[in-house]
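Asks: Have a look at the structure that comes next, please.
The values are calculated or read from the model by the stated rules, or taken from the named source; none is laboratory data. Note that the coordinates shown come from a computational prediction; the quantities given were computed from them, not determined experimentally. Please note: Cβ atoms are built from the backbone with ideal geometry, for glycine as well, and neighbour counts cover all protein chains shown.
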Amino acid sequence: MELAKILGVSATSVVNQLKHLKIAGAVHYRSSGVRRAGRKVEYWLSERGLVRCIDDLERCLRAMSR
């Protein structure tokens, strides 16, 4: 799982967190439908405002790390 590699955590922990975010309606997803190892699942945030907040937070963290 690409996101797990980027974050440096296990795929299981990412899936467990995304499950709760899907239930809460914070993320949406699309699946290739294949139920085996080759399945591709794409996730995205449901609210544009949330995307902007996360982008702002990333900018602040970068500025603080300088």
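Asks: Quick test for you: out of Ile6, Ile23, pick the one residue that is without any contact (Cβ under 8 Å) to a residue 12 or more places away in the chain, surrounded by fewer than 10 Cβ atoms within 10 Å (Cβ to Cβ) and within 12 Å of the chain's Cα centre (by Cα).
Replies: Numbers: Ile23 fails: within 12 Å of the chain's Cα centre (by Cα).
Going through Ile6, Ile23 in turn, the sole match is Ile6.
Asks: Is it fair to say Ser32 is free of Cβ contacts under 8 Å to residues at least 24 places away in the same chain, surrounded by 10 or more Cβ atoms within 10 Å (Cβ to Cβ), hydroxyl-bearing (Ser, Thr, Tyr) and closer than 20 Å to Ala4 by Cα? Walk me through it before giving the result.
Replies: Numbers: free of Cβ contacts under 8 Å to residues at least 24 places away in the same chain: yes; surrounded by 10 or more Cβ atoms within 10 Å (Cβ to Cβ): yes; hydroxyl-bearing (Ser, Thr, Tyr): yes; closer than 20 Å to Ala4 by Cα: yes.
Yes.
Asks: Scan the range 35-59 for residues that are touching a residue at least 12 places away in the same chain (Cβ under 8 Å) and surrounded by 11 or more Cβ atoms within 10 Å (Cβ to Cβ) and report the count. Don't jump to the end; show me each part of the working.
Replies: Initial filter on the range 35-59 (touching a residue at least 12 places away in the same chain (Cβ under 8 Å)): 41-47, 50.
Then keep just the ones that are surrounded by 11 or more Cβ atoms within 10 Å (Cβ to Cβ); that gives 41, 43, 45-47, 50.
Number satisfying all stated conditions: 6.
Asks: Filter the range 32-66 for residues that are modelled with pLDDT under 85 and part of a strand (DSSP E or B) and give the result.
Replies: Val41
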